[in-house]
Structures are given as structure tokens and as C-alpha cells.
Amino acid sequence: MSSPSNIASSRTARSLAAALAGDPFYRTVTVACGEDEAARLAMLEAYFALALAEGEQAGRVDLADAAGHGAAIWTTDTPAALRQAAYAQREAALRALLGERGFAHFTAIVANMEHALAPHGLQDAWYLSIAGIAPAAQGQGLGASVLAPGLAAVDAARAACFLETYNERSLPFYARLGFVSAGRYVEAVTGCGYWLMVRPPSAA
């Protein structure tokens, strides 16, 4: 697991913002930016800086490279109390960052997705919460390589893992890494469909 410096973390947050700015979830939680894409990127850079810090405190962060071209952020088997404390710290900062409407969207979307997830029995599974590579660095294999250390750790723990994606084009990529689609849902706040993908525990 990488521990990014402040400079690398800032670059990584900027890369994640550029990679994920078009995602329906992130567009909806940055509603305060309207059509100002520069403001949206700045807000998302701050959002991902918070997510990277939370991952460092109570999960797992793997960087794509030393230049900060992207990252994978995991919720792992860290004790629940530590995860909850880190989440509560980020939640307070998100409320200030996103504004009243954006934060309301954030909490509603998270609740809707957790409701859809509940029947799948993944309470003890690892969660790939965020993964992204800067657009200029895509197509070089960084997407698979940034996920490899986390997936190796998942396998070593004999754990299942899962992710949610609004991007249908990403399904074959995740399928090559052992994820299978466990359902497609329409999230009410975004009005968009997303897929739940699950990777069963390794038999190795």
C-alpha cells in the first residue's frame, strides 16, 4: 500500500477529478457548480483529497505511479470503529464542501445504493470505492496495475470484493479481473443505471 506525500496526493486527487468528472454520481453531488466545469473539477479535487485521506486512515490506497496519474481506494477489513471514525471526519468536511443540496444528494445516493446492496450479503467484503486514471495516462495498462496490489491483498485475505459502476464500457475490464455482474439498478437521484460487480473469494 502506498502512502502518498502531500504533493503526490494533490496530483492524484487532480487526476481522479479529471477521470471521474463525467460520472453521474460526481456530477450530481457537485450540483452547486452548475455548468461551471472548472469549478466542478476544483470541487472534485477537494472531494478526492478527502477520500484519499480517509482511505489512508481506514482502508487501502494504491497509487497508479509516482507521478500521481490515478489511484484505487478500498474499504478493507479495518475494524469498524476505525472506519466509522474516518468516515465521520470526512462527512463533516463533505457537508461544507458540497453545500446543502450537493450533500443531500450525496447522502441520498449512498443510502439508495446501500439499500440495493443489502440483499447480497457483502458485509464482510472489501469495497473498491474509487478507481480512476487521468485521461492523458489511460491506455497504458495503469488501470489494471493500480488494482493488482489490492486484488492480491483481497485474495490473501480470502475475501470477496465488490464495486459499483455507472460506466457500462468498464464492465469487460472488470470482468477480466474476475468481477461478475450481480445486478443492474437505477439510482433515483441521478436517474441513471449502475452495475454491482462482485469478485468471489479466491480458492487459492
Compute the distance in nm between two label points, each set 7 Å from the Cα along the Cα-to-Cβ direction, one at Ala38 and one at Arg184.
-> 3.8
Stretchable slack from Leu177 to Ala104, in nm (0.36 nm times residue separation minus alpha-carbon distance) | 22.9 nm
Add -39500 (n - 2.57) for each DSSP H run of 4 or more in the chain, then divide by its residues: what number comes out at 222 nm, to the nearest 500 deg cm²/dmol?
-> -17000 deg cm²/dmol
Accessible solvent surface per residue of the stretch 63-204, calculated while the other protein chains remain in place, 1.4 angstrom probe, Å² | 51
Sulfur and carbon atoms: percent of accessible area, the chain [1.4 Å] | 55
How high is the relative contact order of the chain, in percent, with contacts defined as C-alpha pairs under 8 Å that are six or more residues apart?
-> 23
Descending Cα extents along the principal axes, the chain, whole Å | 48, 38, 36
Max mean-square fluctuation residue, GNM over the chain, Cα-Cα springs under 10 Å, options Cys192, Cys33, Cys161 = Cys192
Under a 10 Å cutoff between Cα atoms, tell me which one of His115, His69, His105 has the largest fluctuation in the Gaussian network model of the chain.
-> His115
Equivalent-ellipsoid semi-axes of the stretch 85-135, from the Cα gyration tensor, Å, largest first | 22, 16, 13
Does the stretch 3-86 classify as rounded, prolate or oblate by the C-alpha gyration tensor (a ≥ b ≥ c root eigenvalues; a/c under 1.5 gives rounded; else a/b over b/c gives prolate, otherwise oblate)?
-> oblate
Which residues' amide hydrogens lie under 5 Å from the amide hydrogen of Arg199, considering only partners 5 or more residues apart or on another chain, with H built in the peptide plane?
-> Cys161, Phe162, Val180
Using θ = phi - 60° and the Karplus curve 6.51 cos²θ - 1.76 cosθ + 1.60, what whole-Hz ³J(HN,Hα) does each residue of the stretch 146-157 get, with Gly and Pro shown as x?
-> 6, 8, 4, x, x, 5, 5, 5, 4, 5, 5, 7
Label-to-label distance, nm, for residues given as Gln57 and Glu114 (7 Å Cα→Cβ offset) | 1.7
Compare the Cα positions of Leu151, Ala80, Ala92 along the charge dipole of the chain (+1 at Cβ of Lys, Arg; -1 at Cβ of Asp, Glu; about the Cα centre) and return the one farthest towards the positive end.
-> Leu151
Magnitude of the Cβ-charge dipole of the chain, K/R +1 and D/E -1, about the Cα centre, nearest 20 debye?
-> 200
Filter the trypsin sites (Lys or Arg not before Pro) in the stretch 107-204 down to the DSSP loop ones having no more than 12 other Cβ atoms within 10 Å, then list what survives.
-> Arg158
Once you have a ≥ b ≥ c as the square roots of the Cα gyration tensor eigenvalues for the stretch 41-157, tell me rounded if a/c is under 1.5, and otherwise prolate or oblate according to whether a/b is larger than b/c.
-> oblate
Here the stretch 187-195 yields Karplus 3J(HN,Hα) values (6.51, -1.76, 1.60; θ = phi - 60°; whole Hz; Gly and Pro given as x) of 8, 5, 6, 6, x, 10, x, 9, 10
For the pair Ala81 and Ala136, how long in nm is the line joining their label points, each one 7 Å along Cα→Cβ?
-> 4.6
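Looking at the square roots a ≥ b ≥ c of the eigenvalues of the Cα gyration tensor of the stretch 88-204, which shape do they give, rounded for a/c under 1.5, prolate if a/b is larger than b/c, or oblate? It would help to have the intermediate numbers written out before the result.
Working: a/c = 1.62, a/b = 1.39, b/c = 1.17.
Because a/c hits 1.5 or more and a/b exceeds b/c, the stretch 88-204 counts as prolate.
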May I ask for the percentage of alpha-carbon pairs in the stretch 135-204 that lie more than 18 Å from each other?
-> 45
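The values are calculated or read from the model by the stated rules, or taken from the named source; none is laboratory data. Not measured: the values here are computed from a predicted model. Counting neighbours? That spans all protein chains shown, and the Cβs are built from the backbone with ideal geometry, glycine included. For accessibility, only protein heavy atoms count, side chains too; no ligands or nucleic acids. Shrake-Rupley method; radii C 1.70, N 1.55, O 1.52, S 1.80 Å.
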